[in-house]
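Novice: Pasting a structure below so you can have a look.
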Amino acid sequence: MNPFLIIILIIIISGYLLDLIVDTLNVRHAGTDVPEEFDGYYDADKYKKSQEYLIENTKFGIVNSTIFIPITIAFILLGGFNIIDQVARGFNLGSIPTGLIFAGILMLASQIILIPFSIYETFVIEEKYGFNKTTTKTFILDILKGWLLAAVIGGAVLSGVLWFFEKAGSWAWLYCWVAVTAFQIFIIFISPVVIMPIFNRFSSLKEGKLKSAIETYSKSQHFKIKGVFTMDGSKRSTKSNAFFTGFGKFRRIVLFDTLIEKHTDEELVSILAHEVGHYKKGHIHKSFALSVITTGLMFYILSLFINNRDLFAAFKMEEVSIYGSLFFFGFLYAPMERVLCVFRNMISRKYEYDADIFSVTTYPKPDSMITALKKLSVENLSNLIPHPLKVFLDYSHPPVIERIKAIRSIFI
Ligand SMILES: [Zn+2]
């Protein structure tokens, strides 16, 4: 048996088993009693509902991968990639358009398989727990817009990468790295004005108490914001959030309409102060720098596997190609990506603590930060007591009870 095939099958199956074990541990770890910290925020019934939500989502994820993984393995073993490659080559176009067709067919096929899952998640699970606000029209339009965007952005990136690997020889990985990073920065800049409005409506926050409270706080921190916007998150879900977008001059804060609806002005300023903390502490720039480094690493390792005949044989391919190399390398890179993700999450959790501390020291109303965190968890039915291994592997934010403890600890 081809050694690459063995390695890839081990990677796929062990990744699946790891998730299965961690998710099972995670569900078992959630006790049935409301944690003391949340007394008054959850009654027994609502807390039970939050646990059912966790169980239902976990089961859904397991069913999802239990279906998807055998399909993927069968597709590899039966030479599915080669069939699609022959179809793409049948158009007799140059290597870059052929690569785009190959990638397009694979992406479209996997997306189509995922649609029923997505329908179930939105219209059955989210609906059952009272989160769903998505209409059928929004759901369909979201899919079509997402595909169009993926075709434009993904197509541009893929064409560039294929072109460099074809023309630039052994330094191609370096050119790809620079070009992709430049493109990423470009996307970050245009995203708030070009991409995000495709999916949501943004409007300037109305003049009033909240707006002046936000402005007073920003001024006190010498923090310039291009604008404070509300986003119609309620178009899809009752879940709420807040975030910053853009860099430098284009920086804007976005508050979901659902967030404004459910929180007091002081809680909202606390949340904003947390986000400002991410900027002031350089988290945004450091995270971006880290992602640039890992992108470079990925392109370099990829360059070692371009047109590797044994790797192509594992996928029963008749002909080697650069576009095929990208896809097959993706399978080998998955465990590396998982390790990097754990590392990124570790840093991100540290940043979250730092941003919380920044919030309560610069806007000294720790109680409103704590109630904001509690309300957010309750509204979104977040798991209050995740298993430590689940947190270690998958959580970009620390569990809420730990965050509250950390905030309290600095005032004692
Ligand atoms: Zn944060």
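Novice: Which of the aspartates and glutamates could a cross-linker span from K350 if the Cα-Cα distance has to be under 17 Å and same-chain partners fewer than 8 positions apart are dropped?
Specialist: Partners found: E275, D394, E402.
Novice: Taking amide H atoms as placed 1.01 Å from N in the peptide plane, list the residues 5 or more away in sequence, or in a different chain, whose amide H sits under 5 Å from that of G227.
Specialist: For G227, the qualifying residues are I253.
Novice: Another question, then. Please compute the modelled spin-label separation between I301 and E402, points set 7 Å along Cα→Cβ, answer in nm with one decimal.
Specialist: Reported label-point gap for E402 and I301 is 2.5 nm.
Novice: Relative contact order, percent, of segment 1-156 when contacts are C-alpha pairs under 8 Å separated by at least 6 residues?
Specialist: On the way: 43 pairs, mean separation 28.5, N = 156.
RCO, segment 1-156: 18 percent.
Novice: List, in order, the whole-Hz ³J(HN,Hα) value for each residue of segment 114-127 obtained from phi through the Karplus relation with A = 6.51, B = -1.76, C = 1.60 and θ = phi - 60°; use x for Gly and Pro.
Specialist: 6, 4, x, 5, 5, 4, 4, 4, 6, 8, 10, 5, 4, 5
Novice: Same structure again: Going by the alpha-carbon gyration tensor, a ≥ b ≥ c the square roots of its eigenvalues, is segment 109-152 rounded (a/c under 1.5) or, if a/c is not under 1.5, prolate (a/b greater than b/c) versus oblate?
Specialist: On the way: a/c = 3.20, a/b = 1.71, b/c = 1.87.
Note, shape of segment 109-152 comes out oblate.
Novice: I want to check a number: in segment 15-155, how many lysine pairs have alpha carbons closer than 25 Å, given a sequence separation of 8 or more or different chains?
Specialist: For segment 15-155, the number of qualifying lysine pairs is 14.
Novice: Count the net charge of all other residues whose Cβ sits under 13 Å from the Cβ of D85, scoring Lys and Arg as +1 and Asp and Glu as -1.
Specialist: Working: positive: R89, K316; negative: E318, E319.
It works out to a net charge of 0.
Novice: I'd like the FRET efficiency for D265 and F392, computed as 1/(1 + (r/R0)^6) with the beta carbon distance as r and R0 of 41 Å, rounded to 0.05. Before the final figure, lay out each step's value.
Specialist: Values: r = 36 Å, r/R0 = 0.88.
Once rounded, the FRET efficiency stands at 0.70.
Novice: A follow-up question, please. What is the distance, in nm, between label points placed 7 Å from the Cα along the Cα-to-Cβ direction at V193 and at E127?
Specialist: Taking the simple label geometry, V193 and E127 are separated by 4.0 nm.
Novice: Still on this structure, I have one more. With a Förster radius of 30 Å, plug the Cβ-Cβ distance of T136 and F288 into 1/(1 + (r/R0)^6) and report the FRET value to the nearest 0.05.
Specialist: Details: r = 37 Å, r/R0 = 1.24.
After rounding to 0.05, the efficiency reads 0.20.
Novice: Stretch F91-A74 to full length: gain in nm at 0.36 nm per residue minus the Cα-Cα span? Walk me through the numbers on the way to the answer.
Specialist: Working: separation 17, 0.36 × 17 = 6.12 nm, distance 2.60 nm.
The span from F91 to A74 would gain 3.5 nm if fully extended.
Novice: Sticking with this structure for a sec: What spacing in nm lies between the two simple spin-label points modelled at I410 and L174, each 7 Å away from Cα in the Cβ direction?
Specialist: My value for the distance between the label points is 4.3 nm.
Novice: Rounded to the nearest 500, what is the chain's calculated 222 nm mean residue ellipticity when only DSSP H runs of at least 4 contribute -39500 (n - 2.57) each, over all residues? Present the calculation step by step, with values, prior to reporting the outcome.
Specialist: Details: 16 runs with 287 residues, N = 412.
It comes out at -23500 deg cm²/dmol, rounded to the nearest 500.
Novice: Then there is this: Quick one: 3J(HN,Hα) in Hz for segment 256-266, Karplus 6.51/-1.76/1.60 with θ = phi - 60°, rounded, Gly and Pro as x.
Specialist: 5, 4, 5, 6, 4, 4, 9, 10, 6, 4, 5
Novice: For segment 62-136 and segment 1-26, compute the distance between their C-alpha centroids and round to whole Å.
Specialist: 20 Å
Readers should treat all values here as calculations from the given coordinates under stated rules, not as data from a laboratory. Treat the numbers as computed from the prediction; the structure is a model and nothing was measured. Here Cβ is always computed from backbone atoms with ideal geometry, including for glycine, and neighbour counts include all displayed protein chains.
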